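Working notes, beginning with the structure itself.
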Amino acid sequence: ALTKPRGKLMLSALLCLASTLYLEARGESFKGQLEVAAIIVNRAELKQKSICSIVREPKQFAFKPIAARKMLRQINIASIVLLGLYRTKNTHFETVGHNYLAETYGIERTERIGNHQFFREACYNARAVRCRNRQALASSE
């Protein structure tokens with residue numbers, strides 16, 4: 001599991017997460033932005049990578065550095081999620097109107113908030129464990 005970053009790492013994670021929130025979801029409600037931020041953190045935990053490396057992965061998220069003064073709300077939301085005060089079991093999101101995730105991967109739709117549809121992988125649990133082999137998961141329970 002990803003441990004909470006400290007010092008410069010925390011600031012870096014905070015700014016990367018806030019910049020991505022600003023670009024991906026700034027028009028969403030507080031709840032919608034919390035969900036997007038929590039999904040990014042989930043993905044970092046699942047892949048055991050830093051927030052900054054996750055948001056910079058090709059074709060995954062919109063990312064470029066944004067001036068902090070432009071994204072104060074997103075910095076606050078990112079702080080809430082990075083401190084572990086908000087969690088989600090959702091693992092993916094896409095803009096409403098796109099059906100790529102559900103059709104391609106067959107993952108479960110969970111909720112729609114504003115312009116984002118949220119999804120959960122069928123084999124995701126609260127300990128941030130994703131099954132790659134459903135039989136291995138079934139035999140371990």
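Within the stretch 75-98, if we keep just the residues that are assigned to a loop (DSSP other than H, G, I, E, B) and open to solvent by 70 Å² or more (accessible area, probe 1.4 Å), the residue that is modelled with the lowest pLDDT turns out to be 98. Taking the criterion of being in contact with a Phe, Trp or Tyr (Cβ under 7 Å, 6 or more places away or on another chain) and open to solvent by 10 Å² or more (accessible area, probe 1.4 Å), the only residue of the stretch 35-57 that qualifies is 56. Checking the structure you have, find out if any residue of the stretch 15-28 is modelled with pLDDT of 90 or more, acidic (Asp, Glu), surrounded by 14 or more Cβ atoms within 10 Å (Cβ to Cβ) and assigned to a helix (DSSP H, G or I). Within the stretch 15-28 (the criterion being modelled with pLDDT of 90 or more, acidic (Asp, Glu), surrounded by 14 or more Cβ atoms within 10 Å (Cβ to Cβ) and assigned to a helix (DSSP H, G or I)), the answer is no, since none of the residues qualifies. Residue pairs whose Cβ atoms lie under 9 Å apart, sitting 6 or more positions apart in sequence or on different chains, and linking a residue in the stretch 74-85 that is free of Cβ contacts under 8 Å to residues at least 40 places away in the same chain to a partner that is surrounded by fewer than 21 Cβ atoms within 10 Å (Cβ to Cβ), are 85/79. For residue 102, are the conditions met, namely being open to solvent by less than 30 Å² (accessible area, probe 1.4 Å) and either over 18 Å from residue 20 (Cβ atoms) or modelled with pLDDT of 75 or more (or both)? Yes: the conditions hold for residue 102.
The rows are residues; the columns are (1) touching a strand residue (DSSP E or B) at 6+ places or on another chain (Cβ under 6 Å); (2) in contact (Cβ under 8 Å) with a residue 40 or more places away in the chain; (3) basic (Lys, Arg).
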{"site": "13", "(1), (2), (3)": "no, yes, no"}
{"site": "20", "(1), (2), (3)": "no, yes, no"}
{"site": "27", "(1), (2), (3)": "no, yes, no"}
{"site": "32", "(1), (2), (3)": "yes, yes, no"}
{"site": "41", "(1), (2), (3)": "no, yes, no"}
{"site": "47", "(1), (2), (3)": "no, no, yes"}
{"site": "50", "(1), (2), (3)": "no, yes, no"}
{"site": "62", "(1), (2), (3)": "no, yes, no"}
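Identify the residue in the stretch 41-74 that is among the basic types (Lys, Arg) and closer than 21 Å to residue 120 by Cα and, among all such residues, is modelled with the lowest pLDDT. Taking the candidates together, the pick is 59.
The values are calculated or read from the model by the stated rules, or taken from the named source; none is laboratory data. Source: prediction; values computed, not measured. Neighbour counts are summed over all protein chains in view; Cβ atoms, including those assigned to glycine, are modelled from backbone coordinates with ideal geometry. Note: areas computed on protein heavy atoms with side chains; ligands, DNA, RNA excluded. Shrake-Rupley method; radii C 1.70, N 1.55, O 1.52, S 1.80 Å.
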